[in-house]
Amino acid sequence: MRILHTADWHIGQTLNGWTREHEHRAFLDHLRELIVTQRIDALLIAGDVFDGINPSGEAQRLLYEAIAGFHRANPRLQIVMTSGNHDPAQRLEAPEAVLAALGVHVIGTLRQGPGGVDMDRHLIGLRDSNGTLRAHVLSVPFLRASDLPGLQLGASGGAEPAVTAAARALHLAMSEAAVARTNGLPLLAMGHLTCAGGLESEGAERRILIGGEHAVPPDIFPPALCYVALGHLHRPQSLDGGRVRYSGSPFPLSAAEIAYDHGVTLLDLDEGIAPRHISLPRPVAMHRLPARGAAPLAEVVAAVAALNLSPETPRNAQPFVYLSILADRPVTQIRAEAEALIEALALRLAGLSIIRPESAATPEAPPPSLADTTPEDLFIAAFRQAHGQDPGSAHLAAFRDALSEV
């Protein structure tokens, strides 16, 4: 039996106003091919299917078109999809009755009753191509404070933080209830959270805070779980000897992810639980110029020229570029020149940073206390940081007028 683990699709994401739909379509097409060529029996999607809690009609249509395509490619495919912190949990569950007819299980919220978690809903049997039950997956969506049993925010004096203790208790209770039902078959789990020791990305991942805690140790997942399919961290990585794994995002969602080897994770139960990373082709190139630090505009222009861009590339397939430029004249002038340069090329601007040389060379001083500064001083400092020059008399006059009305 073969299982594919993926997460963090973020359908509907935009980058500096540019849609990522072309990349999502390319990824989903490639995923459909993998389902066929790798003879996949079950697809686990561990959260952040959408990029926001109010996905557009186009984003939802793209998801459901993909699911229909997966089903046509393999009518016996089982799909288990859980929610992440970006997802609209109840909206994700809304079409569940229709999706269930296609073998799709959608777990957006944790369902609990007087007897605890509804295991009939959260424990899902996985069958191979012959219809034989081969494993079970414990489907845990993104957890909120109200989902954690006995959580007392701010409690202290325990052996570990209150959130960690509550998350540990929940996973232990669910695992014990699951083991009683699985008759010795492999038990997997899904989740969407940050595990301590995982490498985070800057720019696309939000730190999930519950009671001041944003990470839990991987040992909150009991040993009875032979594999834990996680979402939230966008870098593919394994913890706890490979038993706990992030499949990562399918392509870069921010500048921090440019160097990642994006892909999905394959599990072959016939060969034991040994996750194997499958790299995915990158639908659209993404560059940071320069690769590190910042450089004068002339050097950045030369680096752009070295990309050998093709003017025939369709707009939605043109590379993304992040520019980091050292300021040697007013910031507004540099910004205008850089944006005009990009507009004339087969390139899309994902981000533009303009850094004054003194800012790059010296560490940032701590902000002054409110007792040691004035609103006008703060305005002048912010204006300098944004524009690389002092505000003019007209700017100061406008600020004073605004301040007088507060």
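The values are calculated or read from the model by the stated rules, or taken from the named source; none is laboratory data. Please read these numbers as outputs of a predicted model, since none were measured by experiment. Please note: Cβ atoms are built from the backbone with ideal geometry, for glycine as well, and neighbour counts cover all protein chains shown. Calculation scope for accessible area: heavy atoms of the full protein, side chains included, ligands and nucleic acids excluded. Shrake-Rupley method; radii C 1.70, N 1.55, O 1.52, S 1.80 Å.
Listed values, structure above:
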| item | result |
| --- | --- |
| Rg and Dmax of the stretch 165-317, Cα atoms only, in Å | 20.2, 67 |
| Cβ-defined net charge surrounding ARG111, 15 Å radius [Lys, Arg +1; Asp, Glu -1] | -3 |
| Gained length - LEU403 relative to ALA159, 0.36 nm times residue gap less alpha-carbon distance | 82.8 nm |
| Taking the chain and dividing mean pair separation by its residue count, relative contact order in percent (alpha carbons under 8 Å, at least six apart) | 14 |
| SER56 paired with VAL98, simple spin-label distance in nm, labels 7 Å along Cα-to-beta-carbon | 2.0 |
| Protein accessible area in the chain, 1.4 Å probe - carbon and sulfur % | 53 |
| At R0 = 51 Å, FRET efficiency that the Cβ-Cβ distance of THR132 and ILE258 yields, to 0.05 | 0.75 |
| Among beta bridges that DSSP assigns inside the chain, antiparallel share in %, nearest 5 | 35 |
| Overall dimensions of the chain by Cα: Rg and Dmax, Å | 24.7, 78 |
| FRET efficiency, 1/(1 + (r/R0)^6) with R0 56 Å, evaluated for ALA73 and LEU378 via beta carbons | 0.45 |
| Given charges at Cβ of Lys, Arg, Asp, Glu: the stretch 35-165 dipole, positive-most of GLN38, GLY113, LEU92 | GLN38 |
| Largest-first principal axis extents, alpha carbons of the stretch 79-179, Å | 52, 30, 24 |
| Heavy-atom surface of the chain, accessible at 1.4 Å and reported per residue (Å²) | 47 |
| Protein-only accessible surface order, largest first, of TYR227, TYR322 at 1.4 Å | TYR322, TYR227 |
| In sequence order, calculated HN-Hα J values of the stretch 106-115 (Karplus, 6.51, -1.76, 1.60; Hz; x Gly/Pro) | 10, 10, x, 9, 7, 9, 10, x, x, x |
| Residue among ALA294, ILE334, ASN308 farthest towards the positive dipole end of the stretch 286-355, charges placed on Cβ | ALA294 |
| Relative packing of 243-256, 103-116, which averages over residues the other C-beta atoms within 10 Å, highest first | 243-256, 103-116 |
| Under Karplus coefficients 6.51, -1.76 and 1.60, residue-wise ³J(HN,Hα) of the stretch 51-61 in Hz, glycine/proline x | 8, x, 6, 10, x, 5, x, 5, 5, 5, 4 |
| Vicinal HN-Hα couplings computed from phi for the stretch 23-36 (Karplus, 6.51 cos²θ - 1.76 cosθ + 1.60; Hz; Gly/Pro x) | 5, 5, 4, 4, 4, 5, 5, 5, 5, 4, 5, 5, 4, 7 |
| Calculated P(r) of the stretch 286-355 - Cα pairs past 15 Å, % | 48 |
| Among 48-59, 125-136, the order from most to least packed when residues are scored by Cβ within 10 Å on average | 48-59, 125-136 |
| Calculated FRET efficiency for the pair SER393/HIS30, C-beta based, R₀ 60 Å, to 0.05 | 0.55 |
